[in-house]
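Asks: Handing you this structure, nothing more for now.
The values are calculated or read from the model by the stated rules, or taken from the named source; none is laboratory data. The shown structure was predicted, so the numbers you read here are calculated from the model rather than taken from an experiment. So basically every Cβ, Gly included, is an ideal-geometry build from the backbone, and we count neighbours across all protein chains shown. Side chains included, ligands, DNA and RNA excluded: accessible areas come from the protein's heavy atoms. Shrake-Rupley method; radii C 1.70, N 1.55, O 1.52, S 1.80 Å.
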Amino acid sequence: MKILIKNGRLIDPSQNIDSKGDLLIENGKISQIGGQIKEQASETINADGKIISSGFVDMHTHLREPGREDAETIETGLTAAIMGGFTTVCAMPNTEPACDSQGHVKFLLDRAREVKLANILPVGAITKNREGKRMTEMKELKEAGSPAVSDDGSSVEDAELLRRAMEYASMVDLLVISHCEDKALFAGGVMNEGYFSTLLGLAPIPAEAESTIVERDIRLAELAGARLHIAHVSAAESVEIIRNAKKRGVKVTAEVTPHHFTLTDEALKTYDTNLKVNPPLRSSKDTEALKKGLKDGTIDVIATDHAPHLESEKEKEFNYAPFGMIGLETALSLGVMELIEKKYLDWPELIRKLSANPSKILKYGRGTLEKGRVADLVIIDPKKEWSYTKETIKSHSSNSPFLGWKMTAKVTDVIVGGKVVMKEEIII
Amino acid sequence: MKKNTNIKWTKKHLLGIEELSKEEILLILDQAESFKEVLKRPIPKVPTLRGKTIVNLFCEASTRTRSSFELAAKRLSADTLNIAASSSSFLKGETLKDTARNIEAMNIDMIIMRHSCSGAPHFLARCIDASVVNAGDGAHEHPTQALLDAFTIREKLGNIKGLNVSIIGDIAHSRVARSNIWALTKLGAKVTVCGPKTLIPVQIEKMGVKVTYDIAEAVEGADVLNVLRIQLERQEKALFPSIREYIKCFGITEELLDKYAKKEIIIMHPGPINRGVELSQDVADGKYSVILHQVTNGVAVRMAVLFLLSHIKTSIVEEKAEK
């Protein structure tokens with residue numbers, strides 16, 4: 001089974017490729033790349049005017065199955081992923097029940113195989129049921145197929161437990177992904193502490209609720225010799241701490257969400273609950289630091305933290321609404337509009353943040369157009385203008401503050417494991 | 001009494017003072033003056049809002065504001081409906097959106113809501129077609145309180161422009177403080193906020209106020225002290241060590257006023273008062289206190305608000321000419 005993609009702009013930061021050419025897929029793998037490929041193929045895709053890239057890997061997605069299938073299922077979540085160009089997503093473990101055992105990891109992998117859309121990399125919990133009391137059986141999680149552990153949604157409060165969990169995780173070569181939040185400093189807050197929380201009279205969350213735990217977790221990872229990845233960085237102070245740690249040679253990486261580099265806390269003046277996220281949207285000084293962090297490499301990855309919630313859950317008074325917004329389908333466009341158009345990154349760098357780096361950090365072996373690798377690819381129309389409306393959403397939930405926005409750039413075709421899963425923006 | 005002949009009221013809702021212009025604030029105060037007149041009559045009633053149905057939806061306890069709004073509506077001959085969350089289906093878990101839409105289905109014109117969550121009236125205004133009046137939302141705004149405070153200051157001291165007003169107390173959690181800051185700065189007053197550092201929210205200077213933790217500094221030179229209630233529960237949450245120390249640092253006493261205050265100073269408080277805490281017994285009932293005047297003025301000011309919201313785009317001058 002051969003698929004030939006013709007005349008696209010091939011961008012692969014892992015091999016330093018950025019040139020026009022063709023790409024051939026054979027038996028699910030990339031078999032030839034570059035130049036003019038004269039081969040007969042069962043399917044030919046014309047990528048003229050478009051970009052050919054390895055599929056994006058989201059290091060932070062919430063698929064609500066099992067437990068909250070009313071908000072999102074594995075099928076709807078992976079459909080949304082494909083729409084957004086994500087050929088692999090890391091499913092975060094805060095489902096009901098939590099993903100803290102090998103059986104659960106296997107369940108997710110089986111479901112992904114059944115649904116035949118994007119791949120799932122199940123992230124196991126650090127502690128049993130994410131309660132912060134006992135470590136999970138990490139070797140079993142790793143052997144079942146987990147590349148990483150996280151208690152995301154919460155921080156591990158007990159520093160000694162976290163230290164030991166990090167030591168253990170490093171022993172079995174698991175990445176530790178930290179959601180950094182000091183619950184006490186968070187103090188029941190609902191938005192960033194700053195001029196706007198004062199204006200709006202909403203309970204404030206200081207940046208230090210995040211930065212103090214970023215510092216703590218980095219020091220513990222250093223002590224434990226573990227690989228650490230900081231989830232959804234939101235504050236300028238955190239970026240600085242990570243930058244300094246990298247200078248010291250600590251094995252730490254970091255991600256940022258598109259909503260954190262696009263929106264500031266000023267947007268909350270409307271009290272739109274779709275803007276209520278954890279960590280919160282912060283000030284312009286923070287978004288600037290995040291974008292600079294992406295530019296200088298302090299922040300390695302763009303991840304969505306796709307968090308579906310029902311309309312009935314979000315249509316409440318601000319204090320009562322749950323935290324979170326969806327993001328799989330808007331990540332690329334926001335990256336283009338906020339980072340490329342505003343000259344923080346160019347296309348190869350954006351693709352590095354969405355594909356090459358996450359794959360590298362997860363030791364996944366994808367995120368590349370190298371010959372012989374599994375063919376997870378996307379074709380992107382970089383200039384396409386489209387409107388993000390409720391009708392276009394593939395996720396089961398629609399909790400996004402970007403509804404109604406005019407977007408630039410769209411993924412038009414997606415290939416997963418050498419099979420065309422989306423063609424001309426239509427899921428097959 | 002000045003009449004603003006050029007300004008019309010065009011806003012469907014009253015959610016806060018932040019979005020009002022100086023002229024709109026003065027329009028309300030001027031309208032309130034004529035209603036204060038009405039309240040002095042033997043039959044303190046006008047037929048202006050006859051046939052209108054006004055709902056008080058109070059999701060938090062209230063003595064003054066609720067009674068004041070109810071009386072204001074009744075003095076204008078409107079039909080009133082009072083719903084207290086504590087005795088409604090809120091207790092059965094019914095959402096605010098459903099509650100509001102169900103009430104609206106009974107053909108009402110306006111909902112006056114007090115709620116413990118900031119932004120609740122904004123949410124309500126998105127859910128229903130009727131007008132919404134914010135009677136206090138969390139720590140965000142309490143527009144009619146600021147309006148009646150401004151009315152009272154104007155009544156006692158004349159033009160607000162250039163006056164020194166000090167707001168004392170738990171600023172961080174106070175909707176009264178925020179609305180007052182907006183109203184007073186828009187009207188040209190110089191505002192100082194004073195309280196424990198732990199109860200002054202970050203970057204409040206950007207609202208155009210001076211910050212001090214020294215009560216003497218706040219009192220000296222002030223024409224008005226607006227003293228806020230200290231919530232005793234804040235002590236539990238590590239925000240200040242004890243009531244005793246709060247009184248020592250920020251309590252308004254006769255002694256403090258004798259030492260630092262101007263002779264013509266007026267003392268205001270939105271109520272309810274913790275006697276002996278933010279105000280001593282003597283000061284609460286003393287010669288500087290205009291607290292009960294505030295309450296009286298509250299009815300007139302709320303009548304003005306209900307009237308203007310019900311008569312959007314009708315010129316105030318035309319109405320006066322008809323009388």
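Asks: So A:Gly293 clears everything in (1) within 14 Å of chain B (Cβ to nearest Cβ); (2) within 22 Å of A:Ala209 (Cβ to Cβ); (3) out of contact with any Pro (no Cβ under 7 Å at 6 or more places or on another chain); (4) surrounded by fewer than 24 Cβ atoms within 10 Å (Cβ to Cβ) except one condition, right? Which one?
Replies: Only one criterion in (1) within 14 Å of chain B (Cβ to nearest Cβ); (2) within 22 Å of A:Ala209 (Cβ to Cβ); (3) out of contact with any Pro (no Cβ under 7 Å at 6 or more places or on another chain); (4) surrounded by fewer than 24 Cβ atoms within 10 Å (Cβ to Cβ) is unmet by A:Gly293, namely (1).
Let's see how each residue does on (1) closer than 30 Å to A:Asp381 by Cβ; (2) surrounded by fewer than 24 Cβ atoms within 10 Å (Cβ to Cβ):
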| residue | (1), (2) |
| --- | --- |
| A:Asp70 | no, yes |
| A:Ala80 | yes, no |
| A:Cys90 | yes, no |
| A:Val115 | yes, yes |
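Asks: Still on this structure, please answer the following. Can you tell me how many residues within segment A:34-68 are open to solvent by 30 Å² or more (accessible area, probe 1.4 Å), outside any loop (DSSP other than H, G, I, E, B) and within 18 Å of A:Leu354 (Cβ to Cβ)?
Replies: The number of residues fulfilling the criteria is 0.
Asks: OK, next. Within segment A:251-282, how many residues turn out to be touching a residue at least 40 places away in the same chain (Cβ under 8 Å), in a helix (DSSP H, G or I) and within 21 Å of the chain's Cα centre (by Cα)?
Replies: Residues flagged as touching a residue at least 40 places away in the same chain (Cβ under 8 Å), in a helix (DSSP H, G or I) and within 21 Å of the chain's Cα centre (by Cα) within segment A:251-282 amount to 6.
Asks: For segment A:276-290, enumerate the residues that are touching a Phe, Trp or Tyr at 6+ places or on another chain (Cβ under 8 Å) and away from chain B (no Cβ under 14 Å).
Replies: A:Val277, A:Asn278, A:Thr287, A:Leu290, listed by residue number.
Asks: So in segment B:192-227, with the set limited to residues that are crowded, with 19+ Cβ neighbours inside 10 Å and within 14 Å of chain A (Cβ to nearest Cβ), which one is farthest from A:Leu199 (Cα to Cα)?
Replies: The selected residue is B:Gly195.
Asks: Sticking with this structure for a sec: Being in contact (Cβ under 8 Å) with a residue 60 or more places away in the chain and part of a helix (DSSP H, G or I) is the filter; apply it to segment B:181-191 and report the residue that is nearest to the other protein chains (Cβ to nearest Cβ).
Replies: Among those that are in contact (Cβ under 8 Å) with a residue 60 or more places away in the chain and part of a helix (DSSP H, G or I), it is B:Trp182.
Asks: Of the numbered conditions (1) within 22 Å of A:Glu317 (Cβ to Cβ); (2) away from chain B (no Cβ under 11 Å); (3) of a type in the set (S, T, N, Q), A:Thr273 fails exactly one; give the number of that condition.
Replies: (2)
Asks: Another question about this same structure. Quick test for you: out of A:Gly194, A:Gly189, pick the one residue that is at the interface with chain B (Cβ under 10 Å from one of its Cβ atoms), open to solvent by less than 10 Å² (accessible area, probe 1.4 Å), in contact with a strand residue (DSSP E or B) (Cβ under 9 Å, 6 or more places away or on another chain) and under 25 Å from A:Glu317 (Cα atoms). Don't jump to the end; show me each part of the working.
Replies: Numbers: A:Gly189 fails: at the interface with chain B (Cβ under 10 Å from one of its Cβ atoms).
Exactly one residue qualifies, and that residue is A:Gly194.
Asks: Look through A:Leu78, A:Leu161, A:Leu141, A:Leu117 and report the one residue that is in a helix (DSSP H, G or I), within 20 Å of the chain's Cα centre (by Cα) and not basic (Lys, Arg). Write out each step before concluding.
Replies: On the way: A:Leu161 fails: within 20 Å of the chain's Cα centre (by Cα); A:Leu141 fails: within 20 Å of the chain's Cα centre (by Cα); A:Leu117 fails: in a helix (DSSP H, G or I).
Answer to the check: A:Leu78.
Asks: From the residues in segment A:318-347 that are surrounded by fewer than 19 Cβ atoms within 10 Å (Cβ to Cβ) and farther than 30 Å from B:Phe123 by Cβ, which one is nearest to the other protein chains (Cβ to nearest Cβ)?
Replies: A:Lys342
Asks: Here is a list of conditions, (1) in contact (Cβ under 8 Å) with a residue 24 or more places away in the chain; (2) more than 26 Å from A:His396 (Cβ to Cβ); (3) in a loop (DSSP other than H, G, I, E, B), and A:Lys285 meets all of them except one; can you say which number that is?
Replies: (3)
Asks: Something else now. Specify which of the listed residues (B:Leu71, B:Leu29, B:Leu81) is surrounded by 21 or more Cβ atoms within 10 Å (Cβ to Cβ) and more than 22 Å from B:Ala139 (Cα to Cα).
Replies: Details: B:Leu71 fails: surrounded by 21 or more Cβ atoms within 10 Å (Cβ to Cβ); B:Leu81 fails: surrounded by 21 or more Cβ atoms within 10 Å (Cβ to Cβ).
Exactly one residue qualifies, and that residue is B:Leu29.
Asks: Now a separate question. Scanning segment B:239-290 for residues that are open to solvent by 90 Å² or more (accessible area, probe 1.4 Å) and in a loop (DSSP other than H, G, I, E, B), which turns out nearest to B:Ser67 (Cα to Cα)?
Replies: Selected residue: B:Lys287.
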